[in-house]
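Let me begin by presenting the structure, written as structure tokens, before commenting on it.
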Amino acid sequence: RMRLAVLTSGGDSAGMNAAVRAVVKAGIVKGWETYVVREGYEGLVRGNSVKISQHSPTKSVTTVPKSVQHNALVHNLRFGDGELLRSGEGDAAERSGGKNLKGRYIIRVGWDDVRGWMGEGGTLIGTARSAAFRTPEGRLTAAHNLIKEGIDALCVCGGDGSLTGADVFRAEWPSLVDQLRTKGEITEAQATAYAHLKIVGLVGSIDNDMCMTDMTIGAPTALQRICEAIDNINSTASSHSRAFVVEVMGRHCGWLALVAGVSAGADFIFIPERPPLGDPWEDEMCDAIGLASCSHRKEGKRKTIVIVAEGAHDAALKPIKAEYIKTVLTERLGLDTRVTQLGHVQRGGRPCAWDRILPTLQGVEAIKALMESTPETPSYMIGINQNKVIRVSLQEAVKMTKAVTTAIEARDWDKAMSLRDPEFAE
Ligand code: ATP
């Protein structure tokens, strides 16, 4: 039977568990054996140094919906086949990191293993940044580990770095298989059977920083957190007639800052793709905010909100920090100003409804893309465009996303903005 593994990589985001759940369940329905890889690419490199004997199923198939039971019969599946539930008692997070999984990173999972994952925050299978996977030797070991487990299909849920890694892995795969065959690590038969690696990407990133898709998994929840936080700030700002500078996440992407600014009715917003072009920008900001706050203060508006993305900079690429903005507002406009750095509350916690729906629909599409994958088809990234789940070339999406950073570095703001949103140019 075909074997599929799913992993989460890079920074975590709400909705990653829903993505893993969808991939596992949709995979099972389509007749695949499903695995999760713990700790992202690092788990792929470490593989399973400890072998376990096959367990008998722990859960009866009656816990699975009727329609799926039918499929189970068709595909001769056993839903208790997974290892997570059997690896120890306790909650899911404990199970996935439990001591019984020590030395084992590529874990067989069944239907029951991912039950209840939809609304869990973070990623229960762990994520990591793997220096080893960046090296050819690391990727050779990763390929060997997959082949040892009989897996030739991989679903990666992560940001642009993780999807770049996926693209590199797929491109290198034939040469990795060849090296393993030459070294005698795998047989000729294995080299033939695993000649093609099926790979698909799901974009998990709170920043919404991937091109060719309207929304990334985790961005809606992060936005929700920011809006709630600014609602809270608004009331205290109004009480004291204060200005607040709110720093939000987004190293190369200003989406969170921009749309949170729209949602909260902010007075000024700093994003990396287009800095304020006033010379100096402090005058531009003070003009905008000064006018607004002076006239508005007189008319009864008692607060000023400035939102700054963590990666914001001026037109010369010099970082613009929240504390400095506070100093400018205090000294030039006499505003009683405070700084709030939202930090990791934007990243954690339960996914909002859209961060459950989006990964579920995309997870199902990822399985379809894997099933149709051939050596001739490109590796796909699953995106969403105008409310339709779509497949785009992983390679192109990664290339276009990198082009935004290049445009920012070249200070070509129009290009950076149009790459983010093609309609911007119009
Ligand atoms: P975030 O958006 O949170 O930064 P990310 O997926 O972009 O998430 P990265 O740290 O850039 O996070 O990448 C995650 C992992 O992907 C890296 O630790 C590395 O193992 C792998 N990776 C990234 N780029 C490459 C590459 N060019 N070649 C091989 N592996 C890579």
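The values are calculated or read from the model by the stated rules, or taken from the named source; none is laboratory data. Note that the structure is predicted; figures quoted are calculated from it, not measured. Note: ideal-geometry Cβ built from the backbone for every residue, glycine included; neighbour counts use all protein chains shown.
A few notes on this one:
- Condition check for Thr123: within 14 Å of the ligand (Cβ to nearest atom), buried (at least 24 other Cβ atoms within 10 Å of the Cβ) and over 24 Å from Lys399 (Cβ atoms): yes
- Any hit, the range 251-273, residues being modelled with pLDDT of 95 or more and in contact with a Phe, Trp or Tyr (Cβ under 6 Å, 6 or more places away or on another chain): no
- Scanning the range 27-74 for residues that are touching a strand residue (DSSP E or B) at 6+ places or on another chain (Cβ under 9 Å), polar (S, T, N, Q) and either at positive phi or modelled with pLDDT under 65 (or both) yields nothing.
One line per residue, one yes/no per condition, for (1) touching a residue at least 40 places away in the same chain (Cβ under 8 Å); (2) assigned to a helix (DSSP H, G or I); (3) away from the ligand (no atom under 16 Å from the Cβ):
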{"residue": "Glu172", "(1), (2), (3)": "no, yes, no"}
{"residue": "Val177", "(1), (2), (3)": "no, yes, yes"}
{"residue": "Thr192", "(1), (2), (3)": "no, yes, yes"}
{"residue": "His196", "(1), (2), (3)": "yes, no, yes"}
{"residue": "Val200", "(1), (2), (3)": "yes, no, no"}
{"residue": "Glu228", "(1), (2), (3)": "no, yes, yes"}
{"residue": "Ala237", "(1), (2), (3)": "yes, yes, yes"}
{"residue": "Gly250", "(1), (2), (3)": "yes, no, no"}
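- When Ser205 is tested against (1) surrounded by fewer than 17 Cβ atoms within 10 Å (Cβ to Cβ); (2) among the hydroxyl-bearing types (Ser, Thr, Tyr); (3) under 30 Å from Arg338 (Cβ atoms), only condition (1) is not met.
- Every residue from the range 119-142 that is under 19 Å from the mean Cα position of the chain (by Cα) and not polar (S, T, N, Q): Gly119, Glu120, Gly121, Gly122, Leu124, Ile125, Gly126, Ala128, Arg129, Ala131, Phe133, Arg134
- Total residues in the range 148-164, condition out of contact with any helix residue (DSSP H, G or I) (no Cβ under 6 Å at 6 or more places or on another chain) and either at negative phi or crowded, with 21+ Cβ neighbours inside 10 Å (or both): 9
- Going through (1) without any contact (Cβ under 8 Å) to a residue 12 or more places away in the chain; (2) crowded, with 17+ Cβ neighbours inside 10 Å; (3) not aliphatic (A, V, I, L, M) one by one, Asp412 falls short only on (2).
- Qualifying residue in the range 302-324 (condition: farther than 19 Å from Val248 by Cβ, of a type outside the set (Asp, Glu) and at pLDDT below 95): yes
- A count restricted to the range 153-165 and to residues that are more than 8 Å from the ligand (Cβ to nearest atom) and under 19 Å from the mean Cα position of the chain (by Cα) stands at 4.
- In the set (1) farther than 17 Å from Ala229 by Cα; (2) surrounded by 14 or more Cβ atoms within 10 Å (Cβ to Cβ); (3) out of contact with any strand residue (DSSP E or B) (no Cβ under 6 Å at 6 or more places or on another chain); (4) of a type outside the set (D, E, K, R), Gly348 fails one condition alone, (1).
- Looking at Asp167, Asp214, Asp178, just one residue is at pLDDT below 95 and either within 18 Å of Gly138 (Cα to Cα) or among the acidic types (Asp, Glu) (or both), and that residue is Asp167.
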